[in-house]
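Single-structure report; data block below.
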């Protein structure tokens, strides 16, 4: 009787261990294949169009109403940009890019 109980306990423990390791492996393979993707949007900056002095991104020409993710101050004005790359390009030659900005004020 004791032998049968011991075998039952060991078998049950092995069954639970095997099932648990299979679920862990399945979760890892789902994450590796990209099936479960979470995007963190808490650090994405967004600025109101009313806060900037330009209608278009001075570097690429994209309308500021499409979204502003970065800004720069130049010549007592605030310029909005669609990306930090456009802002960096503007800062290399601001005088050459101001005409493309279509100032609002």
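Every number here is computed from the coordinates shown, using simple stated rules; none is lab data. Everything numeric in this text was worked out from a predicted model, so none of it was measured. Using ideal geometry, Cβ is built from the backbone for each residue, glycine included, and neighbour counts are taken over all protein chains shown.
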Between residue 50 and residue 10, what is 0.36 nm times their sequence separation minus the Cα-Cα distance? Round to one decimal in nm. 7.4 nm
Which of the peptides 66-74, 50-58, 92-100 is most tightly packed, and how do the rest follow, going by the mean number of other Cβ atoms within 10 Å of each residue? 50-58, 66-74, 92-100
Grab the Cα-Cα distance for residue 95 and residue 71, subtract it from 0.36 nm times how many residues apart they are, and report the gain in nm with one decimal. 7.0 nm
